[in-house]
Amino acid sequence: MGRRSVDLLAMKTDEGQVTAEMINSDINDLKVAAKKLMSHASKMGGLGFGTSFLKWIASFAAIYLLILDRTNWRTNMLTSLLVPYIFFSLPAALFHFLRGEFGKWIAFIAVILRLFFPRHFPDWLEMPGSLILLLVVSPGFFSHTLKDSWAGTVICLLVGCYLLQEHIRASGGFRNSFTQSHGISNTLGIILLLVYPIWAIVVHFV
């Protein structure tokens with residue numbers, strides 16, 4: 001009788017140890033899974049941050065080239081394509097700010113000046129004015145559906161490729177594009193237009 005009790009006690013002890021080991025093993029598996037989840041989340045967050053940062057850089061590069069084209073960088077390239085590029089690459093915070101009341105007031109003043117005071121409306125303001133009008137009056141299909149999809153990114157990529165190859169052709173070669181007047185700033189600005197869409201497309205399909 002006593003021996004049976006000892007055997008039963010030993011069996012219960014073994015079962016308890018097995019159960020404890022299984023629980024510990026499950027806990028360890030959960031820890032490993034949690035670490036992997038945090039690692040993947042941090043990586044995705046880093047990619048997302050990189051895309052947002054490059055979007056800001058590309059937008060300001062496009063605005064810089066647009067201003068440069070209307071002031072002292074006269075070229076035969078179709079630089080009006082910078083307007084849709086800025087539209088599709090503009091960061092969400094700045095896009096919604098310009099699409100709100102502030103942008104409406106700017107668009108209203110630009111239209112009034114252009115219609116009734118054309119002498120006070122300089123030529124270099126035509127492109128920025130067109131951009132503000134596009135931001136304010138664009139339908140939701142363009143301002144939300146296309147802008148927030150990979151299609152808008154592809155449009156930015158096509159614009160960047162076109163401007164780069166036209167700039168190199170007008171400069172007489174890639175090397176000459178860095179040696180002409182304002183060549184370095186112009187070429188680097190156009191190259192920055194390509195960095196964001198390439199990165200965004202890679203991240204989208206990874």
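The values are calculated or read from the model by the stated rules, or taken from the named source; none is laboratory data. Just so we're clear, the structure is a prediction, and the values are computed from it rather than from any experiment. Glycine also receives a Cβ, built like all others from the backbone with ideal geometry; neighbour counts cover every protein chain displayed. Surface accessibility is based on the protein's heavy atoms, side chains included, excluding ligands, DNA and RNA. Shrake-Rupley method; radii C 1.70, N 1.55, O 1.52, S 1.80 Å.
Looking at segment 151-172, is at least one residue open to solvent by 40 Å² or more (accessible area, probe 1.4 Å) and not in a helix (DSSP H, G or I)?
There is at least one residue in segment 151-172 that is open to solvent by 40 Å² or more (accessible area, probe 1.4 Å) and not in a helix (DSSP H, G or I).
Going by what's in this entry, would LEU193 be described as open to solvent by less than 80 Å² (accessible area, probe 1.4 Å), farther than 18 Å from THR79 by Cα and either out of contact with any Asp or Glu (no Cβ under 7 Å at 6 or more places or on another chain) or of a type outside the set (Ser, Thr, Tyr) (or both)?
no
Within segment 119-132, take every residue that is open to solvent by 70 Å² or more (accessible area, probe 1.4 Å) and over 19 Å from LEU68 (Cβ atoms) and give me the one that is modelled with the lowest pLDDT.
Filtering first and then ranking leaves HIS120.
Please specify each residue of segment 83-109 satisfying the condition of being within 20 Å of LEU68 (Cα to Cα) and of a type in the set (A, V, I, L, M).
Answer for segment 83-109, where residues must be within 20 Å of LEU68 (Cα to Cα) and of a type in the set (A, V, I, L, M): VAL83, ILE86, LEU90.
Quick test for you: out of THR75, THR79, pick the one residue that is modelled with pLDDT under 90 and open to solvent by less than 20 Å² (accessible area, probe 1.4 Å).
The conditions single out THR79.
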